[in-house]
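Peer 1: One structure, pasted below without further comment.
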Amino acid sequence: MSLNKLYEQMILEHNKNPRNFKKVDPCTHSSHGHNPLCGDDYVVSIRVKDGIIDDIGFEGMGCAISKASGSLMTETLIGKPIDFVLDTKDKFINLVTEDDAVNENLGKLVVFEGVKKYPVRVKCAALVWRALEDALINTSSNNNTVTTE
Amino acid sequence: MIQKKNNIRDDFPIFKNHPELVYLDSTATTQKPKAVINAMTAFVSDDYATINRGIYSLSYHATQKCLAARKAVQNFINAKSEKEVVFVKGTTEAINIIANSYLNHVITDSDSILLSDMEHHANIVPWQQIVSPNQIKVCNITNSGELDWDDFKKKCQNNPKLISLTHVSNVLGTINPIKELIAYAREHTDAIIVIDGAQAVGHMAVDVQDLDCDFYCFSAHKLYGPTGIGVLYGKYELLDEMTPYQTGGDMIELVSFEQSTFTKPPAKFEAGTPAIMEIMGLHACINYISTIGFKHIQEIEYSLYEQLINEVQSLKDFTIHGESNHKAAILSFSIKDIHPHDIGTIMDQEHIAIRVGHHCAQPLMKRLAVPATARISIGCYNTSEDISKCVTALKKVVDFFK
Ligand SMILES: Cc1ncc(COP(=O)(O)O)c(C=O)c1O
């Protein structure tokens, strides 16, 4: 299998120049995503205003896949309504785990489709999305931690 | 001198079944030679029965074979008696036994224990279950990845109840001067001394009497033997004092519902039917290693390590973690701006198996100020070609992320 299927040019580029690589301040939601196996570690912070993602950022460190995932996730979700965000999250997780995933409406995020063929790397791609999910769903407590293994 | 052909490789079926495989993760676990596989298969096909209990001859012979294995271990590490050799699941279980059956019974709130910054989680977490965090003192390491002697001496002044150190670091490759450290500790403390030998026994001769440690722990699977079996060596007086960690069959003298009395070591620590087939594998791997000899094993491993060190010089932004002058053939490294996980995936595409991650040594990662490292480790079956392929692949990694 070709490595370029995993490390698409777009992924390499976003790894080098991650977008929204920042802490959103003030934020309404945040969560800490940690992958104990390889040490990937990010905080996703979000400001929701009138049911819309007003601003979103991620900060931390990890491999190329996880960093590019944070970059493309934040780029895709900024300015979008919460319903869209949660739906996209489910579609993304499907994209990187299910063989028969439908990838409509995922836009640039389809570059992560190749990850499916590298089972040990799926959690790298999913990490920031799990943190996002945790931040939005567990609204009551800020600064939660989720881990993927 | 680098030999082109390594005949030892032919002893390992995995390389026939995966001709393309470049296996450089022997620190995690070693591949198995035919001698070990065959010994285990032969035992199960021809001689299998329970041990210690059976009155029939098949069981008697199986019992004799286990005794022979225990004696082989005794000779392998030069223990005074085979009664000092306890069969356990591996290093992790051995350390857990010492923590629960020894330390737990002797430690008081005012006591401390001494570990080091380069310990595997197996030599940290079991102690944490017995003592509180402020009772654990940690010996620093130097920037080259050696134990800091001055700090060791300073921390011996507390007269720790127990000192537990790794013989060889699974990340840095450092071979600690265990004999000298123990001699110093004996002179200046009353500590009981535990050595984690997981990374030593496959690469160098170990003489527990010469080292004068109280306990020494290792796993067969890092010694070209099977998983599920390892050794807790302990001085007999200590083992005799200790209460068992697990109880049940095979380790009792008399049982009534009012009271049971325990047998003597090592049986006292071997409750239940043991891993008989794996014990045969352990015996076979000791024989296998003895036939090759540590001199030959070291010649192979060190010449390949030297080749590796020379060839990685050409790589840009390459940092080596652990530059002691006394090292096993283990190379941990980072490449600037490339996460170890990405290195591992690309190497895997080239059929090169290396380890990436924190190597079960998170405190050490913190000390090195890295989230994780990549690690190349060499075994007696590796070849010069393995090293060249590995370095070529590393160049590819660097180019890929340039
Ligand atoms: C230094 C060290 N200690 C302990 C262990 C644990 O050995 P096991 O997993 O066989 O119990 C290892 C294995 O990785 C090790 O490298």
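Peer 1: May I ask which of A:16/B:396; B:80/B:268; B:295/B:327; B:161/B:295 have a Cα-Cα span longer than 25 Å here?
Peer 2: B:161/B:295
Peer 1: Probe radius 1.4 Å, ligands and nucleic acids left out: which of A:116, B:80, B:153 has the largest accessible area, and how do the rest follow?
Peer 2: On the way: A:116 30, B:80 145, B:153 80 Å².
Largest accessible area first, the residues go B:80, B:153, A:116.
Peer 1: If R0 is 30 Å, what FRET efficiency do you get for residue B:158 and residue B:129 from their C-beta distance, rounded to 0.05?
Peer 2: 0.90
Peer 1: Would you work out the Kirkwood radius for the range B:328-368? I mean one over the mean of 1/r across all pairs of different Cα atoms, in Å.
Peer 2: 11.4
Peer 1: Keeping every protein chain in place, order B:386, B:317 by accessible area at 1.4 Å, biggest value first, i.e. largest first.
Peer 2: Sorted by accessible area, descending: B:317, B:386.
Peer 1: Another question about this same structure. Set the Förster radius R0 to 25 Å, insert the Cβ-Cβ distance between residue A:91 and residue A:54 as r into 1/(1 + (r/R0)^6), and round the FRET efficiency to 0.05.
Peer 2: After rounding to 0.05, the efficiency reads 0.65.
Peer 1: Mean-square fluctuation check for chain B, GNM, Cα pairs under 10 Å: which of B:154, B:327, B:222 is largest?
Peer 2: Sorting by GNM fluctuation, first place goes to B:154.
Peer 1: At 1.4 Å probe size, what's the solvent-accessible area of residue A:28? Round to the nearest 10 Å².
Peer 2: Surface open to solvent at residue A:28 totals about 60 Å².
Peer 1: Expressed as a whole percent, how much of the Cα-Cα distance distribution for the range B:37-291 exceeds 35 Å?
Peer 2: Within the range B:37-291, distances greater than 35 Å cover 17 percent of Cα pairs.
Peer 1: With the crude spin-label approximation of a point 7 Å out along Cα→Cβ, what separation in nm comes out for residue B:106 versus residue B:299?
Peer 2: With each label point 7 Å from Cα toward Cβ, the separation is 4.3 nm.
Peer 1: Could the peptides A:3-14, B:100-111 be put in order, highest first, of the mean number of other beta-carbon atoms found within 10 Å of their residues? Don't skip to the end; give the middle numbers.
Peer 2: Details: A:3-14: 17.1, B:100-111: 15.0.
So the order, starting with the most tightly packed, is A:3-14, B:100-111.
Peer 1: A further question on this structure: Can you check what the net charge comes to around residue A:133, using other residues whose Cβ is under 13 Å from the Cβ of residue A:133 (Lys, Arg +1; Asp, Glu -1)?
Peer 2: 0
Peer 1: What order do A:97, B:63 take when sorted by accessible area (1.4 Å probe), most exposed first?
Peer 2: A:97, B:63
Peer 1: Full-extension gain between residue B:188 and residue B:395, please, as 0.36 nm times their residue separation minus the C-alpha to C-alpha distance.
Peer 2: Stretched out fully, the residue B:188 to residue B:395 stretch lengthens by 69.6 nm.
Peer 1: Compare B:125, B:85, B:208 in a GNM of chain B, Cα atoms joined below 10 Å, and give the one with the largest fluctuation.
Peer 2: Among B:125, B:85, B:208, the largest mean-square fluctuation in the Gaussian network model of chain B belongs to B:125.
Peer 1: Also, quick follow-up: Please report how far the C-alpha centroid of the range B:32-74 lies from that of the range B:258-278, rounded to the nearest whole angstrom.
Peer 2: Value for the Cα centre distance between the two parts: 17 Å.
Peer 1: Find out how many positive minus negative residues lie around residue B:195, taking Lys and Arg as positive, Asp and Glu as negative, among other residues whose Cβ is under 15 Å from that of residue B:195.
Peer 2: After counting each charged neighbour, the total is -4.
Peer 1: Something else now. Quick one: net charge around residue B:84, please, counting Lys, Arg +1 and Asp, Glu -1 for every other residue with C-beta under 11 Å from its C-beta.
Peer 2: 0
Peer 1: Further question: How crowded by other chains is B:332-344, given as the mean number of beta carbons from other chains within 10 Å of each beta carbon?
Peer 2: Per residue, the average neighbour count from other chains is 4.
Peer 1: Take the protein assembly as shown, drop everything but the C-alpha atoms, weight them equally and run the Debye formula without solvent; then report log10 I(q)/I(0) at 0.08, 0.09, 0.11 Å⁻¹ to two decimals.
Peer 2: Computed log10 I(q)/I(0) values: -0.63, -0.79, -1.07.
Peer 1: OK, next. Could you calculate the contour length gain from residue B:210 to residue B:362, that is, 0.36 nm times the residue separation minus the distance between their Cα atoms, to one decimal place in nm?
Peer 2: 51.5 nm is the gain from fully extending residue B:210 to residue B:362.
Peer 1: Restricting attention to the range B:259-316, which trypsin sites (Lys or Arg not before Pro) occupy a DSSP loop and are surrounded by at most 11 other Cβ atoms within 10 Å?
Peer 2: Those satisfying the criteria are B:316.
Peer 1: Compute a Gaussian network model of chain B, connecting alpha carbons closer than 10 Å, and tell me which residue from B:139, B:360, B:217 fluctuates the most.
Peer 2: Its mean-square fluctuation being the largest, the pick is B:360.
Peer 1: Give the residue list of GluC sites (Glu not before Pro) in the range B:237-269 that are DSSP loop and have at most 14 other beta-carbon atoms within 10 angstrom.
Peer 2: For GluC sites (Glu not before Pro) across the range B:237-269 that sit outside H, G, I, E and B with at most 14 neighbouring Cβ atoms in 10 Å, the list reads B:258.
Peer 1: Inside 10 Å of the C-beta atoms of B:394-401, what's the mean count of C-beta atoms belonging to other chains?
Peer 2: The shielding value for this peptide is 1.
Peer 1: Let me ask something else about it. With the Cα gyration tensor of the range A:48-149 in hand, give its eigenvalues times 5 under a square root as the equivalent ellipsoid semi-axes, listed largest first in whole angstrom.
Peer 2: Its equivalent ellipsoid spans semi-axes of 21, 16, 12 Å.
Peer 1: In chain B, what percent of the accessible surface is made up of carbon and sulfur (1.4 Å probe, ligands and nucleic acids excluded)? Please list the in-between numbers first.
Peer 2: Details: 8590 of 16980 Å².
Whole-percent figure for carbon plus sulfur exposure: 51.
Peer 1: How big is the accessible area of residue B:70 in square angstrom, nearest 10, if you roll a 1.4 angstrom probe over the protein chains?
Peer 2: 30
Peer 1: Using only Cα atoms, tell me the angle between helix B:294-312 and the longest principal axis of chain B; keep it within 0 to 90° and round to the nearest 10.
Peer 2: Orientation of helix B:294-312: about 30 degrees from the principal axis.
Peer 1: Then there is this: Determine the gain in length on full extension of the stretch residue A:138-residue A:19; use 0.36 nm per residue of separation and subtract their C-alpha separation, reporting nm with one decimal. Can you show the working numbers first?
Peer 2: Working: separation 119, 0.36 × 119 = 42.84 nm, distance 2.51 nm.
Extra length from residue A:138 to residue A:19 when fully extended: 40.3 nm.
Peer 1: Compute the distance in nm between two label points, each set 7 Å from the Cα along the Cα-to-Cβ direction, one at residue B:16 and one at residue B:82.
Peer 2: 3.2
Peer 1: How much accessible area per residue does the range B:118-225 have, in Å², with a 1.4 Å probe?
Peer 2: Averaged over the residues of the range B:118-225, the accessible area is 34 Å².
Peer 1: Nearest 0.05, what FRET efficiency do residue B:68 and residue A:110 give at R0 = 56 Å with Cβ-Cβ as r?
Peer 2: Plugging the Cβ-Cβ distance into 1/(1 + (r/R0)^6) gives 0.35.
The values are calculated or read from the model by the stated rules, or taken from the named source; none is laboratory data. For clarity, every value in this text was computed on a predicted model and none was experimentally measured. As a convention, Cβ positions derive from the backbone with ideal geometry for all residues, glycine included, and neighbour counts pool all protein chains shown. Remember, those area values only see protein heavy atoms, side chains included, never the ligands or the DNA or RNA. Shrake-Rupley method; radii C 1.70, N 1.55, O 1.52, S 1.80 Å.
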